[in-house]
Amino acid sequence: MLPSTQPSHLYRGRFAPSPTGPLHAGSILAALASYLDAKANQGLWFVRMEDLDPPRESRAAAASILHTLEALGFYWDDTVVYQSQRQDAYREALAELEDRQMIYSCQCSRKTLTDYGSVYTGTCRSLNVATQVSVALRCRISPRTITFTDRVQGNFFQHLEQDAGDFIVRRKEGLFAYQLAVVVDDAWQGITQIVRGIDLLDSTPRQIYLQELLGFVTPGYAHIPVLINALGQKLGKQQYAQAVDTMRPGQVLFNALQRLQQQPEPALEELAPEEILAWGISHWDIEKISGIKQIPEIEEF
Ligand code: GLU
């Protein structure tokens, strides 16, 4: 499980959807921004299916996501990586963390955890429960502040102890956690720039911490604004966000370019998706979303 040895000057980006439902106007923003940023920098762009949680995901959703990306004219530079097929790599990373005594078993019940609130206070840290049994595994954090400069949101910092706490790397049911899998795969795929929704900004310091523990290079980050509905909620499956209409790819791409503040010319909407993407690549200016955290969803422009 060696991180890729691609030359560091080459931009390698990715779009990493969880196949819990079809792509909607919100997830299209992450797909488009990551694609345009990669291609405007002569980079490669990959698609990775984050299918780590079988009860919440379906093959049909994964197929629908790929179909939508194709209908919108996106082209990915290598075969799609499925996290469900990367279990050995996650196991290896866990073994490494265990060798370094950076993980421990946590047998706290759901109820206990709810009582603690969102930051785990380390109750099971010194209990030495065997790691084989079916309990969750947590990564031990150190009392550090992680800082980084996001290309869209600027300087960001987090006190790991107060804001994150020891975090889950393998769940009780034996499923690997997002934080671990994303770090292992970004390194393995040699990703140099991560462009994704701002809802993941809070996770980034934990990921940087894990990268350091595992000896991986930290990529650059750009957290783009999320689309919110009239109630101010992030557009997602819970809000029954509608699947984008693959019969009208021009409109879908045009709206997404508008939301990313790229000021597309109205005539673009009539063009083939590949032409709209080509326009997007040659005009891409990430500065235009600088500091923006939310974009209200407006039905028509
Ligand atoms: N799979 C995550 C999601 O769909 C995105 C992960 C990432 O981009 O790091 O929200």
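Test Leu113 against the stated conditions and say whether it is away from the ligand (no atom under 14 Å from the Cβ) and either out of contact with any helix residue (DSSP H, G or I) (no Cβ under 7 Å at 6 or more places or on another chain) or assigned to a loop (DSSP other than H, G, I, E, B) (or both). For Leu113, the condition - away from the ligand (no atom under 14 Å from the Cβ) and either out of contact with any helix residue (DSSP H, G or I) (no Cβ under 7 Å at 6 or more places or on another chain) or assigned to a loop (DSSP other than H, G, I, E, B) (or both) - is met.
Selection of region 44-88 for residues being surrounded by fewer than 19 Cβ atoms within 10 Å (Cβ to Cβ), of a type in the set (A, V, I, L, M, F, W, C) and part of a helix (DSSP H, G or I) yields Ala60, Ala63, Leu66, Ala71.
Within region 135-178, the set of residues being within 16 Å of the ligand (Cβ to nearest atom), surrounded by fewer than 18 Cβ atoms within 10 Å (Cβ to Cβ) and not in a strand (DSSP E or B) comprises Arg171, Leu175. Selection of region 259-281 for residues being surrounded by fewer than 17 Cβ atoms within 10 Å (Cβ to Cβ) and within 25 Å of the chain's Cα centre (by Cα) yields Gln261, Glu274, Ala278, Ile281. On inspection, Leu36 passes the criterion of being in contact (Cβ under 8 Å) with a residue 12 or more places away in the chain, crowded, with 21+ Cβ neighbours inside 10 Å and part of a helix (DSSP H, G or I). The selection criterion, being among the acidic types (Asp, Glu), modelled with pLDDT under 95 and away from the ligand (no atom under 16 Å from the Cβ), does not hold for Glu212.
Return the residues of region 43-56 that are within 12 Å of the ligand (Cβ to nearest atom) and over 16 Å from the mean Cα position of the chain (by Cα); say none if nothing qualifies.
Arg56
Within the option set Ala61, Ala40, Ala31, Ala25, being closer than 21 Å to Pro225 by Cα, of a type in the set (Gly, Ala, Ser) and either within 12 Å of the ligand (Cβ to nearest atom) or touching a Cys at 6+ places or on another chain (Cβ under 7 Å) (or both) holds for one residue only, Ala31.
The values are calculated or read from the model by the stated rules, or taken from the named source; none is laboratory data. Computed from a prediction, not measured in an experiment: that's the story for all the values here. Neighbour counts are summed over all protein chains in view; Cβ atoms, including those assigned to glycine, are modelled from backbone coordinates with ideal geometry.
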